[in-house]
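Structure, as structure tokens:
Derivation of every value follows stated rules applied to the coordinates shown; laboratory data play no part. Everything quoted here is computed from the prediction, not taken from an experiment. Glycine gets a Cβ as well: all are built from the backbone with ideal geometry, and neighbour counts include every protein chain shown.
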Amino acid sequence: MEEQSERRTRGACIPKWKGKQVCLFDSTWKCVSENSSDFSKMVASEVKDPRHIPLKKDWRGVPANAKELMWEIIKGNILFLDEDQDRMPIIRNMTLNVADHAYKEYRNWLKAEYYTKRQEHERSEPPPGVDGGQWAEMLAYWDDPKTKEVAEKNKINRVSKKMNHTTGSKTFARVREELKKKHGKEPDPITFFRATHTRKDDTWIDESSQQRGISMESQVQSIVESGEEDTSEIRTHIYVEQMGSETRNRVRGYGHGVISDMVSYASSSDARASRKSSKGALARMVAKNNKLRRREEEASKLLAAVTVELQQSKESQNQVNQQQQAMMQQLMMQQQQLFMMLIPQHLQRPPLSPPASQHSAPNQPPASAYPMQHMSFQPQYPTPVYRPQMASPGDHSHISPGVFNAGLSSGLLSGMMSGSLDGDLLRYLGAHAGLAEGVGGVAEGAGAQGGPAEGSGSVE
């Protein structure tokens, strides 16, 4: 029972991450959703898997292909939002930083459980799931005098740490997101310091945290009493003065992986920060390029869709125009047919003759639509005849009833006025408008020859 209890005191964490889940990321590209703790445990479990990640003395010794395989596994368990697609390189870089920290803690746990607690003759047996050759390399590294010297210094530094936080397994990013939702804005450094260094009963966790926190809040209170406005900029300035500049490429209150370049007020004075900063800067540059490229692709797709829509609209308009032209031609044909039906048969124009071939006779001039205009006068109605008669002056009985109004009979004139005559006569009279004048002229000539009977044949 004692051996079983020792095994259960500490071991590989079992992640609660089941299937694919949505994970929200903040401005530092850390998971800030409610399942952020499960996300960290999932990353830690992948780091401890000997099938994917070999055991090395440092995370930098892990092959790049092994890290990429681990990232693909983690990425396959997350449902990313659309805006996260452009930021994927930065999320990957931040996730690998979290894996770096989890990998370091895993090595420390192996050393404490299977190296420090064991006797020297028992250390050669590797832990469960650890490769024997990799474990031998770790034993040689821990037995090195230089490594033992560094370990002693780190132990002293750990004991000398005066300020601790009260967040437990909850990440700083998650606490910051909760304060943001509670107050409706990004928390300033002093407010965040109190939230992460006090217990639930609002008491400070240690004396050092209490001194720093009270000192910063007192300075803010003095500024407010002097009449100045309590702003986030003033609180940030006081926090930087009290805590000092950031070192070792870290930013206090932001957790692992966040470097000074990601926070506006932070500054780093450590030269060793350049290597990690370059990785983060490269990831941000790639993400920015991805964002620009995605915008360009979206613009290209939109332009292509608009072009296709315009082409379809143009083709549709052409089809409509063709249909309208066909309808107009059909309507004109129908009107022409109706017009031909209403016109008398003998007044219709003859159809056009087909074009003559090369061996046919020369084209003849087309026949006139109204052949009667080119024919000799063949009256179809009784022709008025002038018959002069001798009469005494003042006697108007010499005017024959058959001669009236320049040779037109009264019956013929009344028929024309009543419209009982067809259109042929009207067109005939219009074409031979000089007929009446000719008849009148004959009458005048006859009167002139008569002498005393002058004007007896004229029309009054």
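Cross-link list Lys20/Lys301; Lys41/Lys185; Lys56/Lys153; Lys56/Lys182; Lys75/Lys170: which exceed 32 angstrom alpha carbon to alpha carbon?
Violating the 32 Å Cα-Cα cut-off are Lys56/Lys182.
Running Debye on segment 167-270 with equal point scatterers at the Cα sites and no solvent, what base-10 log of I(q)/I(0) appears at q = 0.13, 0.25 Å⁻¹?
Here the Debye-derived log intensity ratios amount to -0.50, -1.56.
What FRET efficiency do you get for Ile156 and Ser245 if R0 is 22 Å and r is their Cβ-Cβ distance, rounded to the nearest 0.05?
0.40
Mind scanning Lys18/Lys57; Lys117/Lys148; Lys16/Lys57 and naming the pairs with a C-alpha gap bigger than 25 Å?
Too far apart for the 25 Å limit: Lys18/Lys57; Lys16/Lys57.
In nm, what is the difference between 0.36 nm times the number of residues separating Ala112 and Glu233 and their Cα-Cα distance?
Numbers: separation 121, 0.36 × 121 = 43.56 nm, distance 4.46 nm.
Extra length available between Ala112 and Glu233 comes to 39.1 nm.
Do me a favour and compute the ellipsoid semi-axes for segment 22-74 from its Cα gyration tensor, root of five times each eigenvalue, largest one first, whole Å. Write down the numbers at each step before the final one.
Working: eigenvalues 111, 27, 20 Å².
For segment 22-74, the semi-axes come out at 24, 12, 10 Å.
Any chance you could run the full-extension gain for Leu24 through Glu207? It's 0.36 nm times the residue separation minus the Cα-Cα distance, nm to one decimal.
Roughly 62.3 nm would be gained on extension.
Set the Förster radius R0 to 25 Å, insert the Cβ-Cβ distance between Gln337 and Gln317 as r into 1/(1 + (r/R0)^6), and round the FRET efficiency to 0.05.
0.25
Which whole-number value in Å³ per residue fits the convex hull of the alpha carbons of segment 16-169?
Convex hull volume per residue, Cα atoms: 143 Å³.
Rank-order 130-139, 328-337 by packing density, defined as the average count of other C-beta atoms within 10 Å over each peptide's residues, highest first.
Details: 130-139: 15.0, 328-337: 10.0.
Most protected by this proxy first, the peptides run 130-139, 328-337.
For a quick protection proxy, order the peptides 93-101, 69-77 by their average other-Cβ count within 10 Å, most packed first.
Ranking the peptides 93-101, 69-77 by packing returns 93-101, 69-77.
Once you place label points 7 Å from the Cα toward the Cβ at Gln329 and Ser226, how far apart are they in nm?
It is 9.2 nm.
Mind listing the phi-derived Karplus ³J(HN,Hα) values for segment 217-229, rounded to whole Hz, using 6.51, -1.76 and 1.60 with θ = phi - 60°, and x for any glycine or proline?
Per residue, the Karplus-derived 3J(HN,Hα) values read 5, 5, 5, 5, 5, 5, 5, 5, 5, 6, x, 7, 7 Hz.
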